[in-house]
Amino acid sequence: HQLVVALTEDKIIDWQTWVGQGNVENYEHNHVLRDIITPAFGDNIGTFSTNEIKSYTFSYQLNSDWVRSNCNIVAYVLNATTQEIIQVEEIHLNE
């Protein structure tokens, strides 16, 4: 299994082009991938036994241009062979 940890940001106001409708000047973008904290294809975390719990700690410095109160951590575990996502969780960063 692989563990992937990513950082996303919501409420980013910027241009958006809609095919056939033109430009929207103040479109709100959500779930924007800002960075992947682990390697892009994840950290190898091995296999699990039934009801086994594993814990991991990461340190990360947010870019000063990002709004912390709009950021989320998304973590998911995937099967490295099949690329099937086994579990995903998202938490919102508090100020």
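The values are calculated or read from the model by the stated rules, or taken from the named source; none is laboratory data. What you are looking at is a predicted structure, and each value in this text was computed from that prediction instead of being measured. Virtual Cβ from ideal backbone geometry, glycine too; neighbours counted across all protein chains shown. Accessible surface is based on the protein model in full, side chains and every heavy atom, while ligands, DNA and RNA are left aside. Shrake-Rupley method; radii C 1.70, N 1.55, O 1.52, S 1.80 Å.
Computed values, structure above
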item	result
Net charge, L33 excluded, C-beta distance under 13 Å - Lys, Arg +1, Asp, Glu -1	-3
Student exercise, the chain dipole from Lys, Arg, Asp, Glu Cβ charges, in Debye to nearest 20	200
Neighbourhood charge, 10 Å Cβ-Cβ cut-off, centred on Y76 and excluding it, Lys, Arg +1 and Asp, Glu -1	-2
Alpha-carbon centroids, region 68-95 and region 1-51: separation in whole Å	9
Order of exposure, largest accessible area first, which applies to E9, E28 with probe 1.4 Å	E28, E9
Where chymotrypsin sites (Phe, Trp or Tyr not before Pro) fall in DSSP loop in region 1-80, at most 13 other Cβ within 10 Å	F41, F48, Y56, F58, Y60
Solvent exposure of the chain as accessible area per residue, Å², 1.4 Å probe	74
